[in-house]
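Please treat every number below as a calculation from the coordinates, not as lab data. Everything numeric in this text was worked out from a predicted model, so none of it was measured. Note that each Cβ is placed from the backbone with ideal geometry, even for glycine, and that neighbours are counted across all protein chains shown.
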Amino acid sequence: MKKRLASSFWAQSLFYTLLNRFSIIFFGVVTYFILVRHISTPDNGIWSLFLMIVAMTEMIKQGLLRNPMIKFLSVPEYANQKDEVQSTALFINIGFSVFAILVFIFLGAFISNFLKSPHLRELLLWNTFFIVLLIPFNHCEVVLQANFKYQQIFYSYFLRQGFFMLSVAALVYIFPAYLNLLNLVILQIVSLFAGTIVILIASRPLLPKHFKSSRKLMRAMFHFGKYVFGTNVTNNLSKSADHFITANAIADPILGKTYVSYYNAVSRINNLVDVPSVAVSDVLFPKNVQAIEMEGMSKVKYYFERMVATLISFILPMSIFIILFPKLVMLIIAGKQYLDAAYILQFMMIVAIIRPFFYQFGTTMDAIGKPQLNFWFNLMLMAINLTLTYTALKVFGPVGAAYASVGYHISGLVLIYGVLKRQVKVEMRNIARYVIGNYIQVFELAKKYLNRSSVVNRES
């Protein structure tokens with residue numbers, strides 16, 4: 001019975017988390033598919049930089065909120081202080097949001113000049129309204145996640161992303177005269193407002209009845225969260241290196257933004273491939289927190305090896321197809337004007353099967369209570385990535401960021417495995433065995449199906 005319930009938990013959680021991730025990526029890809037064919041590559045470069053900054057701000061704040069809040073809501077010590085945990089997290093949420101707003105107001109011009117995109121400043125100023133709406137949205141999302149309410153999270157994101165996609169389609173096909181980057185930002189704000197209403201209604205029974213902030217709890221959460229926050233900063237800077245450094249390092253601003261749009265097209269396809277990895281990370285963190293409290297490190301080791309093997313089994317066939325047919329994939333996703341980016345896509349897809357290690361490493365370290373190690377390790381990885389990217393761009397030109405990405409992922413895998421081997425006793429041979437076993441199971445299932453089909457055909 002217990003095993004059946006555990007299996008049901010995994011099935012339902014992964015179903016809605018995967019559904020949520022796929023819907024976000026689907027709406028993002030369709031929106032991109034519509035938009036990229038109706039704006040210039042330099043404008044798409046500016047829009048890509050803006051989206052990267054917006055996403056990075058939200059992800060960094062989630063790092064400050066998500067893991068500490070889930071951790072403190074899950075441990076027995078704070079079982080009777082759930083209102084205090086939520087209130088303290090909300091206070092931190094508001095504080096970070098005010099800080100982000102001040103950064104965009106007073107440093108928006110500097111950011112725009114650094115990225116050689118003057119029009120970016122106006123978009124960043126409008127983004128302050130978006131940040132205000134993220135306060136309740138992010139809080140409610142983490143509350144639902146901590147209580148394993150993945151279905152409600154899916155509905156909120158579905159409305160938010162779906163509304164934006166339909167609004168962009170209407171702007172492009174019905175009101176093309178109003179198609180500009182500022183109106184796209186306004187549509188983003190309206191879409192988030194709609195999603196916030198839904199998620200507030202869904203999480204209302206779980207929200208605190210009274211605001212009870214605790215200094216002791218705030219110190220404890222901030223002490224835990226500051227390393228997760230720092231890790232998210234370094235992680236997001238590493239992921240955005242090809243965009244930001246390309247915009248800054250290439251002397252010609254038009255060429256720079258054109259290649260930013262190329263790297264953004266490649267990242268869209270990478271995001272599709274990485275959907276299972278991100279979904280598993282979302283589900284695995286709260287499960288690992290429970291595992292370390294109740295069953296010990298051996299269970300965390302098993303989860304890591306099993307999940308990474310399953311992810312590699314999914315990703316390997318997709319990456320091989322994209323490596324063999326990069327122009328076809330680029331033509332479908334981005335259109336003819338982005339065919340020059342096919343070589344970049346082909347090259348960066350070589351390391352697709354390595355990325356699950358990066359996704360699962362961070363959540364595993366946080367779950368076992370090693371956020372400090374996770375932070376310093378990711379800081380080192382960020383320094384390696386930024387150095388490689390800048391150097392490669394100067395040596396090889398605009399395609400250098402792709403070469404740097406491959407070098408970064410290979411060197412990063414070696415370092416990550418060394419830490420996992422020491423901290424969790426992860427074994428690469430187990431992962432390889434699970435991958436082979438997955439393919440054998442698929443082969444056996446296909447063989448049974450074909451045999452059954454042939455018997456039915458003979459009988460008929």
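Which listed residue (Ile70, Val30, Ile323) has the Cα farthest towards the positive end of the charge dipole for the chain, taking +1 on Lys and Arg C-beta and -1 on Asp and Glu C-beta about the Cα centre?
Farthest along the dipole direction, towards plus: Ile70.
Grab the other residues whose beta carbon is less than 15 angstrom from that of Leu179, score K and R as +1, D and E as -1, and report the net.
Net charge around Leu179: 0.
Cross-link partners among lysines for Lys327, C-alpha distance below 18 Å, same-chain residues fewer than 8 apart left out?
Lys336
Out of residues 5 or more away from Lys212 or on other chains, whose amide H comes under 5 Å of its own, with H placed 1.01 Å from N in the peptide plane?
Here the answer is Ser87, since their amide H atoms fall under 5 Å of that of Lys212.
Kirkwood hydrodynamic radius for the chain: how many Å is it when counted over pairs of different Cα atoms?
23.3
Around Phe375, with a cut-off of 11 angstrom between Cβ atoms, what is the net charge of the other residues, counting Lys and Arg +1 and Asp and Glu -1?
After counting each charged neighbour, the total is +1.
Assign unit charges at the C-beta atoms only (+1 for Lys and Arg, -1 for Asp and Glu), then state the dipole size of the range 242-446 relative to its Cα centre in Debye, rounded to the nearest 20.
Computed charge dipole of the range 242-446: roughly 260 debye.
So what is the 222 nm mean residue ellipticity for the chain from helices alone, if each DSSP H run of at least 4 adds -39500 (n - 2.57) and you divide by all residues, rounding to the nearest 500 deg cm²/dmol?
-30000 deg cm²/dmol
Would you be so kind as to identify all helices of the chain, as entire DSSP H runs, whose Cα atoms reach 30 Å or more along the helix's own axis and whose mean Kyte-Doolittle hydropathy is at least 1.0?
Helices meeting the span and hydropathy rule in the chain are 82-114, 120-146, 181-203, 297-324.
Sorting check: for 260-267, 337-344, which peptide has the highest mean count of neighbouring beta carbons within 10 Å, and how do the rest follow?
260-267, 337-344
For a paramagnetic label modelled at 7 Å from the Cα of Ile201 toward its Cβ, which residues of the range 103-147 fall within the zone defined by backbone nitrogen distances under 18 Å?
Residues 136-138, 140-141, 144 qualify, since their backbone N sits under 18 Å from the label point.
In whole angstrom, how far apart do the alpha carbon centroids of the range 363-416 and the range 51-65 sit?
That distance is 19 Å.
Using Cα positions and a limit of under 30 Å, work out the lysines in reach of Lys301, with same-chain residues fewer than 8 apart set aside.
The reachable lysines, counting only those whose Cα sits under 30 Å from Lys301, are Lys2, Lys3, Lys61, Lys71, Lys82, Lys149, Lys226, Lys239, Lys287, Lys370, Lys421, Lys425.
At a 10 angstrom cut-off on C-beta neighbours, averaged per residue, how do the peptides 92-102, 129-139 rank from highest to lowest?
Packing order, densest peptide first, comes out as 129-139, 92-102.
With all distinct Cα pairs included, what does the Kirkwood hydrodynamic radius of the range 333-460 come out to in Å, to one decimal, could you say?
Computed over Cα pairs of the range 333-460, the Kirkwood hydrodynamic radius comes out at 18.1 Å.
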